[in-house]
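The values are calculated or read from the model by the stated rules, or taken from the named source; none is laboratory data. The model shown is predicted, which means the values in this text are computed figures rather than measured ones. Please note: Cβ atoms are built from the backbone with ideal geometry, for glycine as well, and neighbour counts cover all protein chains shown. Each accessible area value is taken on the protein alone, full model and side chains, heavy atoms only, with ligands, DNA and RNA left out. Shrake-Rupley method; radii C 1.70, N 1.55, O 1.52, S 1.80 Å.
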Amino acid sequence: QRSTSSTIDDSVTVCVKHTPHESRRAKLGRLLQSVRAHHAGVAILLASEGEPSVPARRLERLRVEHVPLAAGAGLSAGRNALVRAARTPYVALMDDDLELLDGSALPALLAALHADGDAVLAGGCYATPGAGAAPDCFNLRFDPSEDGSVVRARRIPRWADGGCQRVHLTHNFFVARTAALRRFGWDPRQTVMEHETFFYQLYLNEQPVLACPAARALHNSSCDGDECSGDAL
């Protein structure tokens, strides 16, 4: 029986759309370091318009493959390019301001997809600093009007058992089936504000989405010292 680590390494590619900007440099560095620290053999793809805001030698040290994009390509085109470049049956999508807290989140999301063969995507929550603080879970259901002309997104109340359940929309922190994302990707015309549109077209095409609150990543954490300069890479 294969270990959880080898299952992640063999079947998941971590995909990160990066916005090359000095303010994102240290955050990107910490994300890449956290992925490599907890999943030593997993493939990591980084897409950015132009050169990433971290030196190529440091990306090489962390075994990160760069997927170049045309200037102004934006989030949607970047994520589609990452999915096309992935060579594994699953991809883990993470924004460049996230950070893995430990090695449990990605295996938990992958296990959720193994357990629910119809689901195409399993998303987690953002950890909230502070003892006892509730996680930031962006778990919603779409509520269209009878004629479909008005669509509201309603937050789902938190559930107590800590397991996964079906939703319509979650954070941009998820593990998904690569084949499904190649079929139901992002609209490249949307360079920003693509989040709800992406999940709504999954909903319209009856592609089940899971939310797993126990799978968490740190979001937009602060930094100081050498970390803020990006030298931690």
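In the stretch 1-19, how many are open to solvent by less than 60 Å² (accessible area, probe 1.4 Å), modelled with pLDDT of 80 or more and either out of contact with any Ser or Thr (no Cβ under 7 Å at 6 or more places or on another chain) or part of a loop (DSSP other than H, G, I, E, B) (or both)?
7
Mind checking which residues of the stretch 91-104 are among the hydrophobic types (A, V, I, L, M, F, W, C) and surrounded by fewer than 20 Cβ atoms within 10 Å (Cβ to Cβ)?
LEU101
Please determine, by comparing only the residues of the stretch 124-161 that are aliphatic (A, V, I, L, M) and closer than 26 Å to LEU98 by Cα, which one is modelled with the highest pLDDT.
LEU140
Mind checking which pairs have a first residue in the stretch 146-161 that is without any contact (Cβ under 8 Å) to a residue 24 or more places away in the chain and a second that is loosely packed, with under 12 Cβ neighbours inside 10 Å, Cβ under 7 Å, 6 or more apart or different chains?
ARG152/ASP143; ARG154/ASP143
Please identify the pairs in which a residue from the stretch 44-55 that is surrounded by fewer than 20 Cβ atoms within 10 Å (Cβ to Cβ) has its Cβ atom under 6 Å from the Cβ atom of a residue that is among the hydrophobic types (A, V, I, L, M, F, W, C) and not in a loop (DSSP other than H, G, I, E, B), counting only partners at least 6 apart or on another chain.
Close Cβ pairs satisfying both conditions: GLU49/LEU69.
Step by step: first the residues of the stretch 67-90, then only those that are without any contact (Cβ under 8 Å) to a residue 40 or more places away in the chain and surrounded by 17 or more Cβ atoms within 10 Å (Cβ to Cβ), then the one that is farthest from the chain's Cα centre (by Cα). Which residue is that?
This residue is LEU69.
Take the conditions farther than 25 Å from LEU82 by Cα, open to solvent by 70 Å² or more (accessible area, probe 1.4 Å), at pLDDT below 85 and in contact with a Gly (Cβ under 9 Å, 6 or more places away or on another chain) and apply them to ASP226. Does it pass?
In short, no.
Which of the residues spanning the stretch 107-139 are without any contact (Cβ under 8 Å) to a residue 40 or more places away in the chain and among the hydroxyl-bearing types (Ser, Thr, Tyr)?
THR128
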